[in-house]
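Read through the structure below, which is laid out as structure tokens, and then see the notes.
The values are calculated or read from the model by the stated rules, or taken from the named source; none is laboratory data. For clarity, every value in this text was computed on a predicted model and none was experimentally measured. Using ideal geometry, Cβ is built from the backbone for each residue, glycine included, and neighbour counts are taken over all protein chains shown.
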Amino acid sequence: MSVPLTLAHLVWRMKHVHPGSEVVADGTRLRFADLADAIVRMAAGLHRRYGIRQGDRVAVLAFNTLEHLQLMYAVPLLGATLTSLNLRLDSAAMVARADRSRTDLLVVGQEALDHRSVGPAVRAAAAELAGHGITVAAAAELAADVETELPDLREDVTAFRFHTSGTTGPAKSYEVTHRDVVLHALSQSAADASGLRAGDRVLPLVPFCHVNGWGLPFVAALTGASLVLPGHDLTPARIAGMLNAERVTVAAAVPAVWFDVCRHLAELGTAPPAALREVLTGGSAVPRSVVDLVRDVLGAGVATAWGMTETLAVSTYERADPSVRAGRFVSLLEARIDGNSGSPGEQGTLQVRGPFVVGDRDGWFDTGDVASLDEEGRLAVHDRAKDLIKSGGEWIVSAQLEQHLCTHPSVSAAAVVARADPKWTERPVAVLVPRQGRLVDETELRAHVAERFPAFWVPDAFTCVERLPLTPVGKVDKRALRARHADGPVLSPDTPGGTR
């Protein structure tokens with residue numbers, strides 16, 4: 001009889017293999033052995049107080065807190081499904097993703113209710129769901145004083161329901177099984193993947209609502225890496241403080257977070273965090289400027305990653321050249337470039353398959369990314385298919401323009417979107433974040449682009465902004481950029497932040 005791959009094994013490893021590792025959250029320190037017991041007690045509370053059992057659905061509105069971490073284990077251990085809702089959405093989107101017709105319990109964290117920015121939407125969503133007869137519970141009041149007997153589950157039981165970020169279109173949702181989660185965590189545990197090991201201290205700044213914080217809580221259970229949870233305060237000052245105080249060795253966040261943290265420390269002239277070895281980043285292309293900042297200001301290396309909700313997030317890693325390549329695929333995943341002859345470096349649409357690719361259970365999943373694979377199997381993502389710009393019948397790859405613009409000394413971040421053109425159909429426009437204390441010279445930028453790309457790739461307009469708009473999961477929001485800049489006026493030299 002085969003042993004099913006369920007989250008129960010991860011809890012067992014916490015208690016019996018890595019009992020001395022710890023989770024740190026809001027001043028609380030809990031050894032993994034005690035965390036395992038607390039998870040079982042929370043499962044007991046969910047079952048005895050709220051009747052949660054196999055087949056039920058639980059939604060949670062909370063930051064990366066201890067209670068949220070426990071829910072990510074306790075709910076699936078009962079055979080129920082957990083949906084972590086994105087706190088950065090408006091209340092209507094929260095309600096829609098909770099699926100009020102099928103949610104049995106909504107758990108709300110106190111930090112989310114009290115938060116100045118997201119609190120109003122959280123309270124409104126909770127009130128609307130309660131009005132539809134859904135029980136609302138406080139995250140801090142779930143645990144029971146006694147344990148409960150957990151059901152024997154099959155590995156194909158649904159553990160989580162994930163939602164895509166909707167960066168390029170309407171959000172989609174996928175059901176993810178215990179087997180999916182365990183196999184993905186195993187693939188991430190390799191030395192050339194996350195590289196985590198016992199003795200590491202991991203700070204997952206990626207929200208748990210985003211594919212379980214890239215799966216890091218489960219990788220930690222397998223490897224014995226301790227977890228440092230940030231809670232609600234994600235200001236650069238707080239992040240920098242945690243990196244030092246908790247001697248974090250590996251931290252994970254999107255590039256925009258690392259840019260802000262590095263800028264904060266550079267302004268203070270503070271020494272790099274003493275223990276930080278590496279930052280894991282992804283969700284969008286990593287500008288060379290961010291790689292350099294992390295090295296110079298944080299004293300750490302960068303491992304960039306490519307992945308999607310449909311592949312359970314992180315699917316490749318690249319450390320040698322993180323601003324150019326996305327790296328090699330993790331174990332158990334296979335990839336091909338559709339539409340090319342198989343020659344290394346030839347571009348086409350990236351397709352993947354593997355046992356935890358939930359986008360297509362029956363074959364190759366079309367990612368929608370324009371990519372290539374080199375002779376060593378390393379992935380380079382050139383653009384999202386929806387972000388390609390077709391000008392006069394010729395393709396312009398916005399991601400390549402963005403990366404090159406960020407190599408100019410006056411530019412710290414860039415995004416390129418299409419603007420409708422009566423003659424060429426579409427033309428590129430660039431939206432830039434200047435480096436601190438630098439002025440952006442449009443003539444220099446045009447020459448900088450023309451040095452590498454054909455003349456028709458040079459953007460028709462350059463606009464400076466204080467920061468690029470981000471989606472709720474920290475990716476550059478190109479839909480918002482198109483709405484604001486593709487049809488609007490270009491900033492003039494007299495406009496604050498404009499080009500000169």
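List of remarks:
- Some residue of region 276-283 being under 19 Å from PHE365 (Cβ atoms) and in contact with a Lys or Arg (Cβ under 6 Å, 6 or more places away or on another chain): yes
- Residues that are surrounded by fewer than 22 Cβ atoms within 10 Å (Cβ to Cβ) and of a type outside the set (A, V, I, L, M, F, W, C) within region 293-309 comprise ARG295, ASP296, GLY299, GLY301, THR309, listed in sequence order.
- Cross-chain or 6+ apart pairs with Cβ under 6 Å, region 131-144 first and on the phi < 0 side of the Ramachandran plot, then assigned to a strand (DSSP E or B) and not acidic (Asp, Glu): ILE134/LEU106; THR135/LEU105; VAL136/LEU106; ALA137/VAL107; ALA139/VAL107
Listed here are the residues, each with its yes/no results for (1) over 21 Å from SER315 (Cα atoms); (2) outside the structural domain of THR158 (by TED's automatic domain parsing); (3) surrounded by 23 or more Cβ atoms within 10 Å (Cβ to Cβ); (4) among the acidic types (Asp, Glu).
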site: ALA185; (1), (2), (3), (4): no, no, yes, no
site: LEU222; (1), (2), (3), (4): no, no, no, no
site: GLY241; (1), (2), (3), (4): yes, yes, no, no
site: TRP258; (1), (2), (3), (4): no, yes, yes, no
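- The residue list GLU394, GLU376 contains one member that is acidic (Asp, Glu), out of contact with any strand residue (DSSP E or B) (no Cβ under 8 Å at 6 or more places or on another chain) and in contact (Cβ under 8 Å) with a residue 12 or more places away in the chain, which is GLU394.
- Residue in region 371-383 that is touching a His at 6+ places or on another chain (Cβ under 9 Å), crowded, with 16+ Cβ neighbours inside 10 Å and assigned to a strand (DSSP E or B) present: yes
- Among the residues of region 6-58, those identified as crowded, with 20+ Cβ neighbours inside 10 Å, assigned to a loop (DSSP other than H, G, I, E, B) and touching a residue at least 60 places away in the same chain (Cβ under 8 Å) are THR6, HIS18, SER21.
- Flag for VAL202 being free of Cβ contacts under 8 Å to residues at least 60 places away in the same chain, in the same structural domain as VAL11 (by TED's automatic domain parsing) and assigned to a strand (DSSP E or B): yes
- Qualifying residue in region 112-131 (condition: under 30 Å from PRO4 (Cα atoms) and touching a Phe, Trp or Tyr at 6+ places or on another chain (Cβ under 8 Å)): no
- Conditions (1) in a helix (DSSP H, G or I); (2) more than 16 Å from the chain's Cα centre (by Cα): number failed by ARG247: (1)
- Condition broken by GLY363, with the remaining ones in (1) surrounded by 13 or more Cβ atoms within 10 Å (Cβ to Cβ); (2) in a loop (DSSP other than H, G, I, E, B); (3) without any contact (Cβ under 8 Å) to a residue 24 or more places away in the chain satisfied: (1)
- Hey, GLU147 acidic (Asp, Glu) and in contact (Cβ under 8 Å) with a residue 40 or more places away in the chain or not: yes
- Whichever residue in region 437-489 is in contact with a Leu (Cβ under 8 Å, 6 or more places away or on another chain) and of a type outside the set (A, V, I, L, M, F, W, C) and, among such residues, is modelled with the lowest pLDDT: PRO472
- In region 56-88, residue modelled with the lowest pLDDT [restricted to those that are touching a Cys at 6+ places or on another chain (Cβ under 8 Å) and within 15 Å of VAL211 (Cβ to Cβ)]: ASN86
- Filtering region 95-115 for residues that are outside any loop (DSSP other than H, G, I, E, B), of a type in the set (S, T, N, Q) and either assigned by TED's automatic domain parsing to the domain that holds VAL211 or more than 22 Å from the chain's Cα centre (by Cα) (or both) leaves a non-empty set.
- Just one residue in the set ARG277, ARG197 is charged (D, E, K, R), touching a Ser or Thr at 6+ places or on another chain (Cβ under 7 Å), farther than 30 Å from GLN403 by Cβ and surrounded by fewer than 24 Cβ atoms within 10 Å (Cβ to Cβ); that residue is ARG197.
- For region 404-462, the set of residues classified as exposed (fewer than 14 other Cβ atoms within 10 Å of the Cβ), of a type in the set (Gly, Ala, Ser), assigned to a loop (DSSP other than H, G, I, E, B) and touching a helix residue (DSSP H, G or I) at 6+ places or on another chain (Cβ under 9 Å) is empty.
- Candidate set: region 97-129, residues that are small (Gly, Ala, Ser) and farther than 29 Å from HIS178 by Cα; chosen: the one surrounded by the most Cβ atoms within 10 Å (Cβ to Cβ): ALA121
- Residue match in region 76-87 (condition: touching a residue at least 60 places away in the same chain (Cβ under 8 Å), crowded, with 22+ Cβ neighbours inside 10 Å, in a strand (DSSP E or B) and not β-branched (Val, Ile, Thr)): yes
- Subset of region 311-328 (residues that are modelled with pLDDT of 95 or more, under 12 Å from LEU379 (Cβ atoms) and surrounded by fewer than 23 Cβ atoms within 10 Å (Cβ to Cβ)): GLU318, ARG328
- Residues in region 261-292 that are among the aliphatic types (A, V, I, L, M), under 22 Å from GLY195 (Cα atoms) and more than 17 Å from the chain's Cα centre (by Cα): ALA274, ALA275, LEU276, VAL291.
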